[in-house]
Amino acid sequence: MFFPWATEAADKFHVPRLVFHGKGYFALCSEYCIRVHKPHKRVGSSCEPFVIPDLPGNIVITQEQIADRGEESEMGKFMTEVTESEVKSSGVIVNSFYDLEPDYVDFYKSSEENVAYWSALCYKQRIQGEGWERKESKHR
C-alpha cells in the first residue's frame with residue numbers, strides 16, 4: 001500500500017499489483033466518503049456531529065474523530081500519491097468478508113475509484129494464461 005512507485009514498476013513488467021488493506025470495508029468506505037464529500041469542512045466546530053454522506057448506516061461522527069492529514073503537508077501529499085496508485089493497481093485485498101459487513105462490501109464495489117478488488121476470504125485469484133480468472137463467492 002505505501003509504495004506508490006510499485007504500481008508503475010508492476011505495469012512496466014506486466015505484473016499484476018495488488019494492494020492489501022488490513023482494515024475492513026467500513027473503514028475504507030468511510031474514508032472514501034469523507035475524502036470525496038468533505039463533510040467535516042461544513043461544520044461549525046470540531047465537536048459538532050455530522051452524518052457521513054452516502055455511507056450506508058447513517059453514521060454520525062465529529063471532526064475530532066477524523067485523522068485529517070492536511071492535503072498540503074508532506075504526509076498529505078504522500079497519501080494522495082498512495083491513493084492514486086491504488087486506483088491504478090490491479091486490485092485490492094481487504095481483510096474482511098461479505099457476511100461481516102455486506103452493506104459496505106456492496107458500497108465498496110459500487111464506488112468509482114475502485115479498479116477491482118478481491119476480498120481475502122471471499123475471492124481467490126490466479127493467473128491463467130494472459131488474464132485473470134475470478135473464483136466467485138456465493139455472495140456476488
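The values are calculated or read from the model by the stated rules, or taken from the named source; none is laboratory data. Only a predicted model underlies this, so the values are computations on that prediction, with no experimental measurement involved. Don't worry about glycine lacking a Cβ; one is built from the backbone with ideal geometry, like all the others, and counts go over all protein chains shown.
Does at least one position in the stretch 61-73 carry a residue that is under 14 Å from the mean Cα position of the chain (by Cα), at pLDDT below 90 and not polar (S, T, N, Q)?
Looking only at the stretch 61-73, we keep the residues that are under 14 Å from the mean Cα position of the chain (by Cα), and these are none.
So far as the stretch 61-73 goes, no, none of its residues is under 14 Å from the mean Cα position of the chain (by Cα), at pLDDT below 90 and not polar (S, T, N, Q).
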Matching residues in the stretch 52-65 - criterion: being surrounded by 10 or more Cβ atoms within 10 Å (Cβ to Cβ) and under 19 Å from Tyr108 (Cβ atoms):
Ile52, Pro53, Asp54, Leu55, Pro56, Gly57, Ile59, Ile61
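Filtering the stretch 113-130 down to residues that are part of a loop (DSSP other than H, G, I, E, B) and within 15 Å of Lys23 (Cα to Cα), which residue is modelled with the highest pLDDT?
Residues of the stretch 113-130 part of a loop (DSSP other than H, G, I, E, B): 113-117, 120-123, 129-130.
Going one step further and asking which of them are within 15 Å of Lys23 (Cα to Cα), we end up with 117, 120-121.
Numbers: Tyr117: 52, Ala120: 48, Leu121: 47.
Within the stretch 113-130, the match that is modelled with the highest pLDDT is Tyr117.
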May I ask you to list pairs of residues, at least six apart or on different chains, whose Cβ atoms are under 6 Å apart, with the first in the stretch 12-37 being closer than 11 Å to Glu86 by Cβ and the second being assigned to a strand (DSSP E or B)?
Leu18/Gly91; Leu18/Ile93; Val19/Val92; Phe20/Ile93; His21/Val94
If we keep only residues of the stretch 1-34 that are among the charged types (D, E, K, R) and either closer than 21 Å to Lys77 by Cβ or in contact with a helix residue (DSSP H, G or I) (Cβ under 8 Å, 6 or more places away or on another chain) (or both), then the residue surrounded by the fewest Cβ atoms within 10 Å (Cβ to Cβ) is Glu8
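Residues of the stretch 86-112 being in a helix (DSSP H, G or I) and out of contact with any Phe, Trp or Tyr (no Cβ under 8 Å at 6 or more places or on another chain), which ones?
Restricting attention to the stretch 86-112, the residues satisfying the condition of being in a helix (DSSP H, G or I) are 86-88, 102-110.
Those that are in a helix (DSSP H, G or I) and out of contact with any Phe, Trp or Tyr (no Cβ under 8 Å at 6 or more places or on another chain): Glu86, Val87, Lys88, Pro102, Asp103, Asp106, Ser110.
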Go through (1) more than 25 Å from Lys109 (Cα to Cα); (2) surrounded by 14 or more Cβ atoms within 10 Å (Cβ to Cβ) for Arg42 and report which single condition fails.
(2)
The condition from (1) farther than 20 Å from Val94 by Cα; (2) surrounded by fewer than 17 Cβ atoms within 10 Å (Cβ to Cβ); (3) touching a Ser or Thr at 6+ places or on another chain (Cβ under 9 Å) that His37 misses is numbered (3)
Are there any pairs with C-beta distances below 6 angstrom linking a residue in the stretch 80-93 that is closer than 12 Å to Ala10 by Cβ to a residue that is among the charged types (D, E, K, R), with the two at least 6 apart or on different chains, and if so which?
Ser89/Arg17; Ser90/Arg17
